[in-house]
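Taking it in order: structure first as structure tokens, then the write-up.
The values are calculated or read from the model by the stated rules, or taken from the named source; none is laboratory data. Nothing here was measured: the structure is a model prediction, and the numbers come from that model. So basically every Cβ, Gly included, is an ideal-geometry build from the backbone, and we count neighbours across all protein chains shown.
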Amino acid sequence: MTGKENIPEDASVIIAPNHSNALMDALVVLQARRTPTVFGARADLFQNPLLARFLTFLKILPMVRKRDGIRNVIKNLDIQEDILEVIGDKVPFCMFAEGTHRAKHSLLPVGKGVFRIAVAAARASRIPVFVVPTGIEYSDYFRYEGTMLLQFGEPINVSEYIAARPEAGDAELYRGLTAALKERMSGLFTYIPDDENYDAVWAYTKLATVGKRRGPLTARLAENRRAVASVLPADAPGNAEKLSAALDLDRRLHDAGISVLSLGNGGLGRFLLKTLLLLLLLPFQLFCGIFAILQIAPAEYMIRKGIIKDEAFFNSFRYGLYSLGWPVSFILWTLLGTFVFRSGFWISLIASFVLSYLALPAFHRGMDAYRIWVSDLKLLFRKDLKDSFRKFRELV
């Protein structure tokens, strides 16, 4: 996390992140700050009374969107009063300005909702009101146990902005403020314009940064942004050829089931060394899988059965079920260790507690390593793809 100093103190604050990974985005903000924060969430989640009580307990307020119908949007007036009370008490309110999530390195149109609240708060209170642009960067949207970078950007002082434009109407204020928010948000993650060249630019970015994607996410973000900037505008001389080559190679890799990461993993010698290491770690991987089975199995079963259909929610769903399954797994293994394996209660309790935290992340990281190994194996027999990648690097 960077930029925490950009969150003003002794002020009314609205935190405005990009929204690319469903519930995980809110959890990232909450975990990073570890201070009271109220969140806004789409109102249809509150239709289930039990879920509504749970979300309210978590300090989440329902936000009605245009797609929910104009009549329902009026309900936001009541919610707005609650939000004004929250930020008036100097408790930050986190609101996703795009209105919905999408697993892309881009931004949906930034709605006026954030600044409708911010402007109302600025006019109703002498406390300065700030909107803090926030960027969340993930190493992967769909792989569990990935890494993320949260960055708080330079805050927008809404109170000062209004004071400097005494003749401006609401529509003009909203336009200027949303434009400023979009500009600042797009500088805090790997931003690619959402146009017909999006897929090609993202393919180019992945391939151009092969071998540079290790290390902290701040360094990877910088490499990504340099790669994106190097092929924009897409119609500049030479860029069309780069983007076409990148998109073609990316699609061929996808069809072959080969990860871009395999392109930077070295030759046969390194592959054999990795094979030996993974064989030695296989018993540990199996142990972790067995130990965490009560957490893993229910989530994977429900996902495969299609209970959760939106892939962007898979990791949020896993996180929830893993959290619920942890105490069950901990208690069960403590009992098994005590009465079946005769290890003694305290030894079983301590061992189960430690392993319950370690086994699940170790299993997921191990599975990622085996997945990349399979990809590396496939690439060994695809000289055409390796040759295409070498030709691509010459263009870069």
What's the number of the condition Gly211 fails, among (1) at negative phi; (2) part of a loop (DSSP other than H, G, I, E, B); (3) surrounded by fewer than 15 Cβ atoms within 10 Å (Cβ to Cβ); (4) not aromatic (Phe, Trp, Tyr)?
(1)
Specify the residue that is surrounded by the most Cβ atoms within 10 Å (Cβ to Cβ); the eligible residues are those in segment 68-99 that are assigned to a loop (DSSP other than H, G, I, E, B) and at pLDDT below 85.
Gly99
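From the residues in segment 227-239 that are among the small types (Gly, Ala, Ser) and assigned to a helix (DSSP H, G or I), which one is surrounded by the fewest Cβ atoms within 10 Å (Cβ to Cβ)?
Per the criteria, the residue is Ala229.
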Tell me whether segment 150-171 contains one or more residues that are hydrophobic (A, V, I, L, M, F, W, C), surrounded by 20 or more Cβ atoms within 10 Å (Cβ to Cβ) and under 30 Å from Glu300 (Cα atoms).
yes
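Report whether or not Lys104 is farther than 30 Å from Ala200 by Cβ, basic (Lys, Arg), modelled with pLDDT of 90 or more and out of contact with any Cys (no Cβ under 6 Å at 6 or more places or on another chain). Walk me through it before giving the result.
Numbers: farther than 30 Å from Ala200 by Cβ: no; basic (Lys, Arg): yes; modelled with pLDDT of 90 or more: yes; out of contact with any Cys (no Cβ under 6 Å at 6 or more places or on another chain): yes.
No, not satisfied.
Within segment 111-132, restricting attention to residues that are closer than 23 Å to Gly3 by Cα and surrounded by 21 or more Cβ atoms within 10 Å (Cβ to Cβ), which residue is farthest from the chain's Cα centre (by Cα)? Show your work before the answer.
Let us first name the residues in segment 111-132 that are closer than 23 Å to Gly3 by Cα, namely 114-115, 118, 127-132.
If we keep only those that are surrounded by 21 or more Cβ atoms within 10 Å (Cβ to Cβ) as well, we get 114-115, 118, 129-132.
Details: Val114: 20, Phe115: 24, Ala118: 25, Val129: 27, Phe130: 24, Val131: 20, Val132: 18 Å.
Selected residue: Val129.
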Pairs please, first residue from segment 272-294 and farther than 18 Å from Arg318 by Cβ, second anywhere and surrounded by 13 or more Cβ atoms within 10 Å (Cβ to Cβ) and among the small types (Gly, Ala, Ser), Cβ atoms under 6 Å, 6+ apart in sequence or on different chains.
Gln285/Gly366
Identify the single condition in (1) surrounded by 14 or more Cβ atoms within 10 Å (Cβ to Cβ); (2) among the charged types (D, E, K, R); (3) farther than 16 Å from Glu196 by Cα that Lys242 does not satisfy, given that it satisfies every other one.
(3)
Of Ala222, Ala171, which residue is at negative phi, small (Gly, Ala, Ser) and not assigned by TED's automatic domain parsing to the domain that holds Leu108?
Ala222
Counting only residues that are touching an Asp or Glu at 6+ places or on another chain (Cβ under 9 Å) and closer than 14 Å to Val131 by Cα, segment 13-37 contains a total of 2
